[in-house]
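To start, the structure itself, in structure tokens.
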Amino acid sequence: MKSPREKYMNDPEYQNLVRMLEGFIESARFTPSELREACILASINYEMWHIREHKIDPRAMEALEILDRHFLDKPRR
């Protein structure tokens, strides 16, 4: 896996992203901490809006239902 510096040196799109972020810092529009927070929030928002469907193996679901009946006395939905 490439380091951020290697990606910067070899990937023009990544380099443009870094330069854009540097521009925000240089123009005092955002602090480095605000940029980090914004990047994390963007990642969280993306994950929230792009939920992946996971199919549970029917045998695993049956096992969970058995455990629920045995320990919780109420089945999963």
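The values are calculated or read from the model by the stated rules, or taken from the named source; none is laboratory data. Note that this is a predicted model, so its numbers are computed, not measured. Note: ideal-geometry Cβ built from the backbone for every residue, glycine included; neighbour counts use all protein chains shown.
With Lys55, Lys2 as the choices, which residue is more than 19 Å from the chain's Cα centre (by Cα), modelled with pLDDT under 95 and surrounded by 11 or more Cβ atoms within 10 Å (Cβ to Cβ)?
Of Lys55, Lys2, the one residue that is more than 19 Å from the chain's Cα centre (by Cα), modelled with pLDDT under 95 and surrounded by 11 or more Cβ atoms within 10 Å (Cβ to Cβ) is Lys2.
Among the residues making up segment 61-77, those that are surrounded by 10 or more Cβ atoms within 10 Å (Cβ to Cβ) and in a loop (DSSP other than H, G, I, E, B) are Pro75, Arg76.
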